[in-house]
1. Which of the residues belonging to the stretch 21-40 are under 18 Å from residue 233 (Cβ atoms) and crowded, with 20+ Cβ neighbours inside 10 Å?
2. I'm told residue 213 meets every condition in (1) more than 26 Å from residue 61 (Cβ to Cβ); (2) assigned to a loop (DSSP other than H, G, I, E, B); (3) touching a strand residue (DSSP E or B) at 6+ places or on another chain (Cβ under 7 Å) except one. Can you identify the failing condition by its number?
3. For the stretch 1-20, how many residues meet the condition of being exposed (fewer than 14 other Cβ atoms within 10 Å of the Cβ) and in a loop (DSSP other than H, G, I, E, B)?
4. Please go through (1) farther than 30 Å from residue 43 by Cβ; (2) buried (at least 17 other Cβ atoms within 10 Å of the Cβ); (3) without any contact (Cβ under 8 Å) to a residue 24 or more places away in the chain for residue 242 and return the number of the only condition it doesn't satisfy.
5. If you check residue 51 against the conditions, is it free of Cβ contacts under 8 Å to residues at least 60 places away in the same chain, farther than 20 Å from residue 183 by Cα and touching a strand residue (DSSP E or B) at 6+ places or on another chain (Cβ under 9 Å)?
6. Name the strands (runs of 3 or more DSSP E) wholly within the stretch 322-364 that hold at least 3 residues that are surrounded by 15 or more Cβ atoms within 10 Å (Cβ to Cβ) and free of Cβ contacts under 8 Å to residues at least 24 places away in the same chain?
7. Would you tally the residues in the stretch 198-216 being modelled with pLDDT of 90 or more and closer than 18 Å to residue 144 by Cβ?
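The values are calculated or read from the model by the stated rules, or taken from the named source; none is laboratory data. Just so we're clear, the structure is a prediction, and the values are computed from it rather than from any experiment. Because the Cβ atoms are built from the backbone with ideal geometry, glycine has one as well, and the counts that use them run over all protein chains shown.
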Ligand code: ADP
């Protein structure tokens, strides 16, 4: 449905986007993730026609809409965009805003289409209000209804929830997931929040400094990140320095971390020699407390299946309350580990923690 080939954009010497190629299927939802400045908005601007590529091409349903030296005007592209700041006209009523692109229809037809859209977004009750008389979430719905009015082939969303408060953002996440499913539209949704991306993406595109870092099904970002950088983005917040010693028959590496041994799954099948330094990345949700030095008398530590789990010993450095759980920093000597636990621990407590071998990711 959408084809990008070798798409590049430079601002002076700065690379905003470099050599991006990808194809989107009809009805697919692609979320574009990455930190500020990685090229997310540039990608949307090139597709919507707000800016022109320096190299490469963009095709929708086989038709060229942009390439170096050619650009179809935005209004002639089958593409609409929902902006972060809603971009609603302050002096127009909701009904007029939603019907703005429908001047080619007769009045009764326009009214019918606008009513359908107001119902779809559950904002019919606000049809005669001005944007200033609506909450952020309601304004965002108006912006989505306007973008849908002309039935574009492709919908673009530029961080649409980032101006909303945390609770409303969570609510809108559910609503958008539901809406995307009902609409069956092809969508590109830009966000810097991986959890927002998870909520409705079929595939994720991770950009870093204008370059494609990872593209794949949503779960691949969290289960098989291609680099420590992507792993960190996906919430793997412990990065331990280790030394690869040898591989076993299953292809798992025995790795030395702060004087302790781990079994590690390498993320890329690169040729690794013994004594190679590597990074081990762990997600806090994979780590559990196995036993503690101040364990009440008589309480035995849980049995550990060493074929399935790794363990590490360390001392609690810091314990922060996070609301219904605590985040611990564990000092392993030369390195630190972060985990989330259901009860508080006093700094200085010695802990043994465990985590599945399958979730112990190694990067050379
Ligand atoms: P993101 O949306 O991921 O925050 P952008 O696509 O806005 O990133 O920007 C990508 C890079 O291009 C950044 O380094 C940014 O500073 C640069 N850039 C974007 N727009 C312009 C512009 N109009 N002029 C100069 N540099 C720009």
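1. Start the filter on the stretch 21-40 by keeping residues that are under 18 Å from residue 233 (Cβ atoms), which leaves 30-40.
Of everything in the stretch 21-40, those that are under 18 Å from residue 233 (Cβ atoms) and crowded, with 20+ Cβ neighbours inside 10 Å turn out to be 30, 31, 32, 33, 34, 38, 39, 40.
2. (2)
3. Going residue by residue through the stretch 1-20, those that are exposed (fewer than 14 other Cβ atoms within 10 Å of the Cβ) are 11-14.
Now drop any that are not in a loop (DSSP other than H, G, I, E, B), which leaves 12-13.
Residues that pass the stated criteria total 2.
4. (3)
5. Values: free of Cβ contacts under 8 Å to residues at least 60 places away in the same chain: yes; farther than 20 Å from residue 183 by Cα: yes; touching a strand residue (DSSP E or B) at 6+ places or on another chain (Cβ under 9 Å): yes.
Judged against the criteria, residue 51 is a match.
6. The strands (runs of 3 or more DSSP E) meeting that bar are 326-331.
7. In the first step, residues of the stretch 198-216 are kept if they are modelled with pLDDT of 90 or more; the result is 201-216.
Going one step further and asking which of them are closer than 18 Å to residue 144 by Cβ, we end up with 201.
Number of matching residues: 1.
Here is a yes/no grid of residues against (1) over 19 Å from residue 117 (Cβ atoms); (2) more than 16 Å from the ligand (Cβ to nearest atom); (3) surrounded by fewer than 21 Cβ atoms within 10 Å (Cβ to Cβ):
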| residue | (1), (2), (3) |
| --- | --- |
| 139 | no, yes, no |
| 146 | no, yes, no |
| 166 | yes, yes, yes |
| 173 | yes, yes, yes |
| 179 | no, yes, yes |
| 184 | no, yes, yes |
| 187 | no, yes, no |
| 191 | yes, no, no |
| 195 | yes, yes, yes |
